[in-house]
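Shown next, in structure tokens, is the structure this report addresses.
The values are calculated or read from the model by the stated rules, or taken from the named source; none is laboratory data. Since this is a predicted model, take the numbers as computed values, not measurements. Using ideal geometry, Cβ is built from the backbone for each residue, glycine included, and neighbour counts are taken over all protein chains shown. Remember, those area values only see protein heavy atoms, side chains included, never the ligands or the DNA or RNA. Shrake-Rupley method; radii C 1.70, N 1.55, O 1.52, S 1.80 Å.
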Amino acid sequence: PKIVITYGTFDLFHVGHVRLLRRLSALGDKLYVGISSDSFNALKGKKSFYSYEERKEILESTQYVDLVFSEDTWEQKRSDIEKYKADILGMGSDWTNKFDELNDICEVVYLPRTEEISTTDIKKMLSKI
Ligand code: C2G
């Protein structure tokens, strides 16, 4: 089976995430997602509203995701791709070119982000209510 792999925080799950996962899952037979741990979020300068466990449960509930694992470092992608025998690493376009060095072991693709929605914007709008 053709394996697609991706990574992200996926906090406050929204249609931007859904549309990315839907397109990524259409590129292969299985989609595996590395969800940023709470400690890795801190490394990324992010504090998610939902814990890792909650974000994992939400992703696992979607029809597009076949496996969820923890993303704890920037450096683990290469070993993950080898461990899971991923054929494609796919990310949203805000990451364009950032993971090209992995194209020796898999195809690296960047898909257009969904406009007008982000977890940051949702938090901002909610804080103004
Ligand atoms: N995304 C999207 N459209 C949006 C918002 C997000 O396509 N409106 C995509 C992002 O491009 C990313 C994925 O959804 O590919 C997850 O987004 P985040 O949770 O913000 O992930 P990020 O913090 O970018 O984590 O090692 C990689 C990092 O863990 C990526």
Residue check for residue 35: touching a strand residue (DSSP E or B) at 6+ places or on another chain (Cβ under 9 Å), more than 9 Å from the ligand (Cβ to nearest atom) and of a type in the set (Val, Ile, Thr) = no
Filter result for residue 83 (under 26 Å from residue 105 (Cα atoms), of a type outside the set (A, V, I, L, M, F, W, C) and open to solvent by 90 Å² or more (accessible area, probe 1.4 Å)) = yes
task = Output yes when any residue across the stretch 11-28 is under 23 Å from residue 1 (Cβ atoms) and polar (S, T, N, Q), and no when none is.
result = yes
inquiry  = Against the conditions (1) out of contact with any helix residue (DSSP H, G or I) (no Cβ under 8 Å at 6 or more places or on another chain); (2) under 15 Å from residue 8 (Cα atoms); (3) open to solvent by 50 Å² or more (accessible area, probe 1.4 Å); (4) near the ligand (Cβ under 9 Å from one of its atoms), where does residue 22 fall short? Just the number, please.
reply    = (4)
ask   = So which of 98, 85, 123, 46 is in a helix (DSSP H, G or I) and of a type outside the set (Ser, Thr, Tyr)?
value = 123
query = Does residue 93 qualify as being open to solvent by 80 Å² or more (accessible area, probe 1.4 Å) and of a type outside the set (Asp, Glu)?
reply = no
